[in-house]
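The values are calculated or read from the model by the stated rules, or taken from the named source; none is laboratory data. Bear in mind the structure is a predicted one, so any value in this text is a computation, not a measurement. When we count neighbours, we look across all protein chains shown, and the Cβ atoms used for this are built from the backbone with ideal geometry, even at glycine. To get the accessible areas, we keep the full protein, side chains included, count just its heavy atoms, and leave off ligands, DNA and RNA. Shrake-Rupley method; radii C 1.70, N 1.55, O 1.52, S 1.80 Å.
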Amino acid sequence: MATPVVIAGSAEHVGRNVAIDAAVTQCVRSALSAAGLSLGEIDAVVTTGSDILDGGMVGTRSGIAGVYGRELIAVPSSGGHACAAAVSLIKSGQARNVLVAGWGEGTKFSAIDGRSVQADPFYARPIGADAVAMTALQAQRLLAHGAVTRETLDGYGATMRRRAGRASDESDGMRQWLRPLWADGACAIVLRASERGVRVADIGMSFRGYCPEPGDLDPAAWVSAAMANLKHPAHDRLSVIEACGPAAVTEFAALREILTCSRWRSDDDRVNASGGGAAAFFGPATGLRHIARAAQALSGGRNTALAIDLAGPIGQATSVIVLEGTN
Amino acid sequence: MTTDAAQIRTEVPSAMARAASGTDADTREIDVRAPFRHSAGRLGSVFLQALRARRLLGLKIGGRVIVPPRELGERSEWVELGPGARLEAFAPADWLAADSDNSCLALVTVDGADTALLTRLRPAVVAGALAPGARLSLRFAEEPRASMTDFWFEPVGV
């Protein structure tokens, strides 16, 4: 029987203009404390941060996270992928206790021209295909096809901002769901080989390139593809859903794949109780925060949670992670 | 990247930086600007150079015509695309900051291609002004420069 992997502890530190080095230190210490472990008991470290803006800091911040003398995997694509790598280390018997640390300075994205960080200088960058324009393209198609309505998006965006305590930010309806609410932050999770605690029951992932085909603009398709890779379908038994994407329209469109039987309602605290990406989107590592939040909700007595990580403006790295309470 | 091409600026640690870090740790701020050289690759180079001759090429490979070309390691041949196209989606001009050339980002399927292409739609249109499926026509710049900005699409009959 496969080794069960549990989330033994987690911590986050997010906001605007957060000092990331200090945030990483604080998160790692707090997550280890919550797990009842010392750094000396950690066998391997998995780090995750944006390879575009934070890439040059991976070495330094991995050091701050405590990697010296331990195995390190640096995963730039997403928090979900980092979590999957950590689980694989434990299930393969290579480690028993793994620290996953992620960070991002999302405010840098809002401070510079997005096109200046595009890696593709031939096909996307010259025509202005930055993250916000791609999200607008995606939203236009969803609205034009009747997949979502403007009223629903306005309501979802406003609800997420209110839950995130950011209701006063930019009250214009469309901006609430179209544009990322960049933040800075860090998160750390400790995973253990153990029978007791919130278990990482299943992980599904899907990938795609930056140049989309028309159907690829619907985040529900990304989630559907990732869900199809789960060993055990989880739609019918979810008591907690945490989704995070760079913009609320991406999140909401993705949630349609999960909520086909029960339409989303603004008073449904089963879905994104923390406010989703509106609470703090600090880049590809943000999904780690939502995995931690989902685990915390299960510690409160609920049974099964799904964390949906929508890293990349057009779903380049989508993960669905099923967590199960064992108490 | 060559070392001498990189510009590295180092500032002395400041009380402000230490305060910002939230710790007593000493800090340095560095600003690194380094040039990178990208290659369009064998197929991409053909595609881009064809734009100079005002030709939009797709790559027929594995029974599909894809654009822009991707190196899939299979036997392939070039086919000319357009000038007609179908609109799939666009970034409405009233949702984003205005572009100086009165165009907006769009995803179109060019006649003869099986995949959609990210490109520019001109003139820029607002949300609701065009529906998916609208017919478009390919236009080229007077002086193409082997760039994706050499061409754009315009609505037909609007």
Looking only at region A:299-316, filter to residues that are of a type in the set (A, V, I, L, M, F, W, C) and modelled with pLDDT of 90 or more; which one of those is surrounded by the most Cβ atoms within 10 Å (Cβ to Cβ)? A:310
Give me the strands (runs of 3 or more DSSP E) completely within region B:29-122, filtered to those with at least 1 residues that are within 12 Å of chain A (Cβ to nearest Cβ) and open to solvent by less than 70 Å² (accessible area, probe 1.4 Å), ordered by residue number. B:30-33, B:64-66, B:84-90, B:104-110, B:117-121
Any residue at all in region A:245-268 that's touching a strand residue (DSSP E or B) at 6+ places or on another chain (Cβ under 6 Å), away from every other protein chain (no Cβ under 14 Å), assigned to a loop (DSSP other than H, G, I, E, B) and of a type in the set (S, T, N, Q)? no
Kindly provide the set of residues from region A:250-273 that are in contact (Cβ under 8 Å) with a residue 60 or more places away in the chain and open to solvent by 10 Å² or more (accessible area, probe 1.4 Å), ordered by number. A:252, A:256, A:264, A:266, A:273
Assess whether residue A:223 counts as being β-branched (Val, Ile, Thr), within 14 Å of chain B (Cβ to nearest Cβ), within 24 Å of residue A:180 (Cβ to Cβ) and surrounded by 24 or more Cβ atoms within 10 Å (Cβ to Cβ). no
Applying the selection to region A:83-119, what residues are modelled with pLDDT of 85 or more, of a type in the set (Val, Ile, Thr) and either within 17 Å of residue A:180 (Cα to Cα) or assigned to a helix (DSSP H, G or I) (or both)? A:87, A:90, A:107
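Quick check on my filter: what residues within region B:16-28 are at pLDDT 75 or above, at the interface with another protein chain (Cβ under 10 Å from one of its Cβ atoms) and open to solvent by 50 Å² or more (accessible area, probe 1.4 Å)? Steps first, please.
The first filter runs over region B:16-28 and keeps only residues at pLDDT 75 or above, leaving B:26-28.
Subsequent filtering for residues that are at the interface with another protein chain (Cβ under 10 Å from one of its Cβ atoms) retains B:27.
Once the filter is applied, which keeps residues that are at pLDDT 75 or above, at the interface with another protein chain (Cβ under 10 Å from one of its Cβ atoms) and open to solvent by 50 Å² or more (accessible area, probe 1.4 Å), region B:16-28 yields nothing.
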Check region A:4-25 and report whether any residue there is open to solvent by 60 Å² or more (accessible area, probe 1.4 Å), out of contact with any Leu (no Cβ under 7 Å at 6 or more places or on another chain) and of a type in the set (A, V, I, L, M). no
Extreme residue, modelled with the lowest pLDDT, among residues of region A:67-82 that are hydroxyl-bearing (Ser, Thr, Tyr) and open to solvent by less than 60 Å² (accessible area, probe 1.4 Å): A:77
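Confirm whether residue B:131 is open to solvent by 40 Å² or more (accessible area, probe 1.4 Å), closer than 27 Å to residue A:208 by Cα, touching a helix residue (DSSP H, G or I) at 6+ places or on another chain (Cβ under 7 Å) and within 7 Å of chain A (Cβ to nearest Cβ).
yes
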When region A:210-220 is checked residue by residue, the ones that are open to solvent by 10 Å² or more (accessible area, probe 1.4 Å) and in a loop (DSSP other than H, G, I, E, B) are A:210, A:211, A:213, A:218
Can you tell me which residue in region A:121-168 is nearest to residue A:267 (Cα to Cα), limited to those that are modelled with pLDDT under 85 and open to solvent by less than 40 Å² (accessible area, probe 1.4 Å)? A:166
Take residue A:213 and decide whether it is more than 18 Å from the chain's Cα centre (by Cα) and more than 14 Å from chain B (Cβ to nearest Cβ). no
Any idea which of (1) under 23 Å from residue B:144 (Cα atoms); (2) free of Cβ contacts under 8 Å to residues at least 12 places away in the same chain is the one residue B:105 doesn't satisfy? (2)
